[in-house]
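Take a look at the structure below.
The values are calculated or read from the model by the stated rules, or taken from the named source; none is laboratory data. Just so it is clear, the structure is predicted and the values come from calculations on it, not from any experiment. Because the Cβ atoms are built from the backbone with ideal geometry, glycine has one as well, and the counts that use them run over all protein chains shown.
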Amino acid sequence: MPTTMRINGKVFQSHSAPTARLLDVLRNDCHLKGTKEGCGEGECGACAVLVNGKLVNSCLVPLGQMERAEITTVEGLPEDSALARAFVRCGATQCGICTPGMMLAATALLAEHAHPTLEEIRWGLSGNLCRCTGYGRIYAAIAQAAGGPADV
Amino acid sequence: MSLTGAPAQRDQRADSPARVDGFAKITGSALYVDDLPCAGGLFGATVRTAMAGGILQEVIFDPAMDWSDFVIVTAKDIPGVNAVKLLENDQIVLVERTFRHAGEAVVLLAHADREVLGMALKRVSLVEQLNPDPIFDIDEALQAEREMIPGNLYADYLLNRGDLAEGERRAEVVIEACLRTPAQEQLYIEPQGMLARVQANGDILVEGSLQCPYYVLDALVQCLGMDKNRLRVVQSTTGGAFGGKEDYPSMIACHAALLALKAGGRPVKLIYTRGEDLRVTPKRHPSRTLIRLGANKAGTLQFIDMDFAIDGGAYRTLSPVVLSRGVIHAPGPYKCPNIRVRGRAVATNHPPFGAFRGFGAPQSIFAMEVAMDRLAKKLGMDPAELRRKNLLRSSDVHATGEVVGADCFAHATLDVALERTHYHQRLAEYKAWNAAGHPTRKGIGLATFAHGAGFTGNGELHLASRVSLQVLAHGHVEILCSNTEMGQGAATTLVQIAAEALGLPMDSVYLAQTDTSRVPNSGPTVASRTCMVVGDLIQKAAERLLRRLREAADLPASYDAQDFAAACGRLHAAKGDALVTAHYHPPAGMLWDEQTFWGRAYASYAWATYIAEVEVDVLTLETRVLDFTAVQEIGKAVHPVIVRGQIEGGVAQGLGFALYEAVLWNARGVMANDRLTNYIIPTSADLGDIHVVLLEGGLGAGPKGAKGVGELPMDGPAPAVVNAIQQALDIDICQIPVLPEYLLERCAAKPPAQEIPTVRREY
Ligand code: FES
Ligand code: FES
């Protein structure tokens, strides 16, 4: 039984086994390499995507649960959003391996809190590990994208 | 700025253009090694020893399994030398018979299907005979009868200044301590990996996640027995490294290339899982320091005596160099007439330890800085005051005998840090808080330190780095160097330096992909040398390029990008040489004796004072960092936003080192907590505010006086946090990470029992 979902707005049918990880389906079947694998066990958030608007770690999600789901990966985010611009300007990316997941976490956060407090930002990102930045520049980028002052 | 004599503090918004790699990373289009196309390719995997050193007696491939569609490589398939090229050829590429630690590679497998490959790994069994009494502890190794190598020592150094006995006579107050730091995992979020392919003409291309392309190239030359010109190493976007991708990528590259050689033209991708990466790749060297400090009653240091030992693991790899940096940094930024530091790198049966941000210095600085607070306590002196009394000033003599020049800002960083944190006021507030019987205790602790940038001593001379600039006909300039972007911002910083030196906008300059078939060897990307040493070479090459364009292509004295492009067009039309190269020349007075640790160890030191404010819950004994202030003198911030990001990121790693990151070992000497669920690094919810204050003295050896930035943030956090906790709880802390379990033990043991083991202390 193929699984049918919408990925970044396009209908996609996968014939992989229902037990296949969504992460592998995205990377190997859809060639969406922006979703990264950092740990494979739900700890790092490098594989985070939005499923029906909610942030999930795609390494933990079996394909079988994705029937009719609406999935957004980093490739599905607008390239020229306030968030993307703020990430570049504030230095929120260093090695970049966590960045796709961070972009999705930030997108989910801003959808919930249009003007998040620092505490809300901290909690919103707490499922996404970054070893490079110490998170400070990422907070600044999100605050700036939300129209707040960015302490850069 | 209110403090006279302190360098200027900069507006960090200035001079921070967008990162050149920002867009690709933010849109997810940057390709990391696992993202590289590998059509028709195979996946590789590694069968490893299970025992902590011994003899491999037999390799058994399950006869029930059909092995015909696997590529299988063992030691006998190695065409060249079975050793990873580094300081010494002691680490083997594949075990043939004897081995020294659990996790050494024995058999390499490749198959088109990752799942089948995973199953096959379990169908290869190794018959191993364990060596008796494997050793996992530094002092046990020093005392052991059984020697893996002579004395179980990879290196044994002595820094000896003045007369220790004289210092002991003059000292009125003496403290003694034994301090330990653990292994620490770099935990770059992208695990290590390589992709190798044999090309149609038989040449081999290896691409992957790495720091030092020429190290990998040299390793391939030796292992494959092939000519340099037939091998090509290319860096893919690298998802963090921090030192962890300095030496081990050579091993993985050799493995991937060996598989590719037998794979009939199919490419082979060898990507480590997180668990494998944690178990086998090198981590920060654990350390044990016995330290004695003596001062007169006024607090002036009379002697520093340290026995500093690091666990090198089962092969030498980079340990002697890590040790050397640890020894040089051990006495800290202090003036003291009598100093003895003995440093030893010890052989054990752990997988080899390696490079990690700071490279030996965080270990010895930790010991020195925690000991300084113990001394302050015994003297009844404020720790900041004790430091102020002893910090180096210009024209003082450094521990290596070098007279400190004008480029010394130890006092400036201390003054600014005390002022910024309202140190004395906080100290009083926290004392009052602690006396009031709240359910928490608070403390404020500091660390003052310096870190030398670039290779130690004559290292840069031996490297003989070269950097080239190539002009294209339409006026763009390409930087050719072997230094890698691994997240630290090198690509942006180097482009910025070149653009500025050439008077061009940044989008006219780009950094060529790190590909050994194109770029000259400008040395490895380590030791905070890229901006300072390589940036300086870029600046020199730019000057040379402008001279050539003026002389050979009529570039006017004042020009814009269009004039520049026109001149480049003329140079190309006249078939002029469009490539210029700059070579490294050591700064004047760069004399260094590696035997006696005498002379000028580094072209520049950067200076810092870090202050941690902590709160410890009396019930749970959990420590929270309330506030962290990093005041750092860095010469010149080429790109203030990148610099700040480097410092914040490094401080976060340093706080992890101080409070959370515990590597647990299993009985075979391998990391037992080999998952992100149980090796804990700081998340955004764990970290409080990190304030960064940059001071720019403008006297570093790099462009416009820049010097290394990225390693200091690893040196300061652990001692600052430990000093704050010691103060908050009024106990002695002898090791990190300061987990609640450890605090429970220490609080129970109060008054502090001295944990000073008896070891050989002869010098
Ligand atoms: S790879 Fe999915 S959470 Fe780490
Ligand atoms: S930027 Fe490297 S892990 Fe976040």
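The table below lists the values:
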quantity: Some residue of the stretch A:104-114 being more than 16 Å from ligand 1 (Cβ to nearest atom) and in contact with a His (Cβ under 9 Å, 6 or more places away or on another chain); calculated: no
quantity: Strands (runs of 3 or more DSSP E) within the stretch B:579-685 that include 3 or more residues within 28 Å of B:Asn723 (Cβ to Cβ); calculated: B:604-617, B:623-633
quantity: Residues of the stretch A:25-34 classified as away from ligand 2 (no atom under 15 Å from the Cβ), within 14 Å of the chain's Cα centre (by Cα) and of a type outside the set (D, E, K, R), total; calculated: 2
quantity: Conditions (1) in contact with a helix residue (DSSP H, G or I) (Cβ under 6 Å, 6 or more places away or on another chain); (2) farther than 24 Å from B:Ile736 by Cα; (3) of a type in the set (Asp, Glu): number failed by B:Glu419; calculated: (1)
quantity: Test: residue in the stretch B:249-272 that is outside the structural domain of B:Asp515 (by TED's automatic domain parsing), within 16 Å of ligand 1 (Cβ to nearest atom) and out of contact with any Lys or Arg (no Cβ under 6 Å at 6 or more places or on another chain); calculated: yes
quantity: Test result for B:Ala491, assigned to a helix (DSSP H, G or I), closer than 17 Å to B:Val709 by Cβ and of a type in the set (Gly, Ala, Ser); calculated: yes
quantity: Hey, A:Leu110 free of Cβ contacts under 8 Å to residues at least 40 places away in the same chain, at the interface with chain B (Cβ under 10 Å from one of its Cβ atoms) and of a type in the set (A, V, I, L, M) or not; calculated: no
quantity: A:Ala111 being surrounded by 24 or more Cβ atoms within 10 Å (Cβ to Cβ) and either in a helix (DSSP H, G or I) or touching a helix residue (DSSP H, G or I) at 6+ places or on another chain (Cβ under 7 Å) (or both); calculated: no
quantity: Subset of the stretch B:238-270 [within 14 Å of chain A (Cβ to nearest Cβ), over 22 Å from B:Glu115 (Cβ atoms) and in contact with a Leu (Cβ under 6 Å, 6 or more places away or on another chain)]; calculated: B:Lys245
quantity: Qualifying residue in the stretch B:613-625 (condition: modelled with pLDDT of 95 or more and basic (Lys, Arg)); calculated: yes
quantity: Of all residues in the stretch A:74-101 being closer than 13 Å to B:Ile189 by Cα and within 16 Å of ligand 1 (Cβ to nearest atom), the one that is farthest from the chain's Cα centre (by Cα); calculated: A:Cys95
quantity: Test: residue in the stretch B:459-480 that is under 27 Å from B:Pro719 (Cα atoms) and assigned to a loop (DSSP other than H, G, I, E, B); calculated: no
quantity: Residues of the stretch B:345-381 satisfying the condition of being within 19 Å of the chain's Cα centre (by Cα) and not hydrophobic (A, V, I, L, M, F, W, C); calculated: B:Pro351, B:Pro352, B:Gly354, B:Arg357, B:Gly358, B:Gly360, B:Pro362, B:Gln363, B:Ser364
quantity: Matching residues, the stretch A:40-68, being surrounded by fewer than 22 Cβ atoms within 10 Å (Cβ to Cβ) and within 11 Å of another protein chain (Cβ to nearest Cβ); calculated: A:Gly40, A:Glu41, A:Gly42
quantity: Some residue of the stretch A:14-25 being assigned to a strand (DSSP E or B), away from ligand 1 (no atom under 14 Å from the Cβ) and either at negative phi or at pLDDT 95 or above (or both); calculated: yes
quantity: Residue ID - farthest from the other protein chains (Cβ to nearest Cβ), chosen from residues in the stretch A:2-22 that are within 30 Å of A:Cys132 (Cα to Cα) and buried (at least 22 other Cβ atoms within 10 Å of the Cβ); calculated: A:Leu22
quantity: Selected residue (only one of B:Ala464, B:Ala436 is modelled with pLDDT of 95 or more and surrounded by fewer than 19 Cβ atoms within 10 Å (Cβ to Cβ)); calculated: B:Ala436
